[in-house]
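The values are calculated or read from the model by the stated rules, or taken from the named source; none is laboratory data. Quick caveat: nothing in here was measured; it's all calculated off a predicted structure. All Cβ positions, glycine included, derive from the backbone under ideal geometry; neighbour counts span all protein chains shown.
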Amino acid sequence: MGRLNERVAIVTGGARGIGAAVARLFAEEGAAVTVADVLDTEGAKLAAELGAPARYTHLDVSTEDDWRRAVTETERELGPVSVLVNNAGILEWGTIEEQPLESFRRVIDVNLQGAWLGVRTAAPSIRRAGGGAIVSISSIAGITGYAGISGYVASKWGLRGLTKAAALELAPDGIRVCSVHPGAVRTAMTAGFDDSFTAAQPLPRFGEPDEVARMVLFIAADASFSTGVEFVLDGGVTVGPPTPLTSSR
Ligand SMILES: NC(=O)c1ccc[n+]([C@@H]2O[C@H](COP(=O)([O-])OP(=O)(O)OC[C@H]3O[C@@H](n4cnc5c(N)ncnc54)[C@H](O)[C@@H]3O)[C@@H](O)[C@H]2O)c1
């Protein structure tokens with residue numbers, strides 16, 4: 001308890017899933033939290049449950065005006081931002097030949113441009129707070145490739161690169177920037193995935209939103225010598241092929 005006392009955080013996509021778990025844990029640890037999302041009813045309900053100081057704001061992360069308003073209002077009502085969690089994300093399907101261009105663009109706009117706008121808009125506020133952390137939720141799709149979700153994969157690799165560039169630009173101001181790479185986690189995004197999806201993993205199960213939240217908390221509160229790096233939690237799926245090597249000799 002109290003690991004984020006006196007800190008002010010914005011959590012995008014905070015109305016449900018991983019973002020809601022982060023918002024809850026941050027509030028438990030003493031942070032004042034802005035829950036930011038496009039799901040206004042769910043987001044406002046969660047912010048009310050967190051108790052004061054917490055607020056909900058409508059923030060479509062792909063829109064620069066929404067970002068300006070969200071950061072300005074957060075700073076006015078809660079104080080300068082010290083932690084930004086770029087968590088909002090969408091997954092859309094289709095091979096490169098089949099996916100409509102509009103769908104590809106939407107995924108990039110939300111998952112990558114959204115985080116870029118977040119860094120750009122929140123950095124001055126974090127500077128005014130005297131430093132802090134930006135944590136972007138990428139994916140193991142930012143470590144390896146997947147067929148049928150090229151926009152998502154490209155956006156998540158892009159987030160990893162954005163993290164490194166931002167870490168270099170913002171380190172002089174005491175702002176650390178890291179990316180988090182979850183494997184399959186039980187949320188609305190994976191509602192259509194069955195247990196066979198995780199069966200071949202060294203740890204053969206879905207992760208829970210709270211497991212991601214605890215890693216985000218560690219980065220925000222404790223990982224004071226880490227910036228520009230990837231934190232992976234994926235049940236070991238990216239470690240290597242699951243089949244043991246065998247020899248005929
Ligand atoms: N669930 C998984 O297996 C998994 C694995 C790796 C990474 N991730 C990433 O974790 C993040 C959270 O996903 P989740 O699993 O909790 O899914 P989710 O669909 O439950 O939550 C995503 C949240 O983002 C919000 N959102 C969508 N578009 C938005 C926009 N334009 N502006 C603001 N908010 C917007 C949604 O309303 C929702 O509340 C995403 O970035 C996702 O890519 C999820």
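Say we look at region 101-149 and pick out the residues that are closer than 30 Å to SER82 by Cα and in a strand (DSSP E or B); which of these is nearest to the ligand (Cβ to nearest atom)?
Step by step, filter region 101-149, then rank; the result is ILE137.
Among the residues of region 195-202, are any of a type in the set (Gly, Ala, Ser) and within 30 Å of SER125 (Cα to Cα)?
No, every residue in region 195-202 fails to be of a type in the set (Gly, Ala, Ser) and within 30 Å of SER125 (Cα to Cα).
Among the residues in region 168-177, are any within 9 Å of the ligand (Cβ to nearest atom), surrounded by fewer than 24 Cβ atoms within 10 Å (Cβ to Cβ), under 27 Å from THR57 (Cβ atoms) and of a type in the set (Asp, Glu)?
No; the residues of region 168-177 include none that is within 9 Å of the ligand (Cβ to nearest atom), surrounded by fewer than 24 Cβ atoms within 10 Å (Cβ to Cβ), under 27 Å from THR57 (Cβ atoms) and of a type in the set (Asp, Glu).
Would region 4-26 turn up any residue that is assigned to a loop (DSSP other than H, G, I, E, B) and farther than 29 Å from SER224 by Cα?
Within region 4-26 (the criterion being assigned to a loop (DSSP other than H, G, I, E, B) and farther than 29 Å from SER224 by Cα), the answer is no, since none of the residues qualifies.
Within region 32-42, identify whether any single residue is in a loop (DSSP other than H, G, I, E, B), closer than 16 Å to ALA115 by Cα and either of a type in the set (Asp, Glu) or within 16 Å of the ligand (Cβ to nearest atom) (or both), and answer yes or no.
Looking through region 32-42, at least one residue is in a loop (DSSP other than H, G, I, E, B), closer than 16 Å to ALA115 by Cα and either of a type in the set (Asp, Glu) or within 16 Å of the ligand (Cβ to nearest atom) (or both).
Is it true that ARG55 is away from the ligand (no atom under 13 Å from the Cβ), more than 18 Å from ASP109 (Cα to Cα), touching an Asp or Glu at 6+ places or on another chain (Cβ under 7 Å) and assigned to a strand (DSSP E or B)?
Considered against the rule, which asks whether it is away from the ligand (no atom under 13 Å from the Cβ), more than 18 Å from ASP109 (Cα to Cα), touching an Asp or Glu at 6+ places or on another chain (Cβ under 7 Å) and assigned to a strand (DSSP E or B), ARG55 comes out as yes.
Suppose we keep only residues that are over 17 Å from the mean Cα position of the chain (by Cα), buried (at least 18 other Cβ atoms within 10 Å of the Cβ) and without any contact (Cβ under 8 Å) to a residue 40 or more places away in the chain within region 11-55. Which one would you say is nearest to MET189 (Cα to Cα)?
Selected residue: LEU46.
Looking only at region 204-213, how many residues end up being within 14 Å of the ligand (Cβ to nearest atom) and either surrounded by fewer than 19 Cβ atoms within 10 Å (Cβ to Cβ) or not in a helix (DSSP H, G or I) (or both)?
Total satisfying the criteria: 6.
If you go through region 208-233 one residue at a time, how many are in contact with a Ser or Thr (Cβ under 9 Å, 6 or more places away or on another chain) and under 18 Å from THR144 (Cβ atoms)?
Adding up the residues that qualify gives 4.
For region 219-249, which positions are out of contact with any Lys or Arg (no Cβ under 6 Å at 6 or more places or on another chain) and not in a loop (DSSP other than H, G, I, E, B)?
Of everything in region 219-249, those that are out of contact with any Lys or Arg (no Cβ under 6 Å at 6 or more places or on another chain) and not in a loop (DSSP other than H, G, I, E, B) turn out to be ILE219, ALA220, GLU230, PHE231, VAL232, LEU233.
Tell me, please, whether a residue that is at negative phi and part of a helix (DSSP H, G or I) can be found in region 88-100.
Scanning region 88-100, I find no residue that is at negative phi and part of a helix (DSSP H, G or I), so the answer is no.
From the list VAL177, VAL216, pick out the single residue that is in a helix (DSSP H, G or I), modelled with pLDDT of 95 or more and among the β-branched types (Val, Ile, Thr).
VAL216
Return the pair list, or none, for Cβ contacts closer than 8 Å from residues in region 72-91 that are within 14 Å of VAL35 (Cα to Cα) to residues that are assigned to a helix (DSSP H, G or I) and of a type in the set (D, E, K, R), at least 6 apart or on different chains.
As it stands, the answer is GLU75/ARG128; VAL81/GLU75, since those pairs meet every condition given.
State which residue is farthest from the ligand (Cβ to nearest atom) when the search covers only region 178-194 and only residues that are over 29 Å from SER125 (Cα atoms) and of a type outside the set (Gly, Ala, Ser).
Within region 178-194, the match that is farthest from the ligand (Cβ to nearest atom) is ASP194.
A quick yes/no check of all residues on (1) of a type in the set (Ser, Thr, Tyr); (2) under 20 Å from ALA21 (Cβ atoms); (3) surrounded by 24 or more Cβ atoms within 10 Å (Cβ to Cβ):
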| position | (1), (2), (3) |
| --- | --- |
| ARG69 | no, no, no |
| GLU73 | no, no, no |
| ASN86 | no, yes, yes |
| GLU98 | no, no, no |
| LEU101 | no, no, no |
| THR121 | yes, no, no |
| GLY145 | no, no, no |
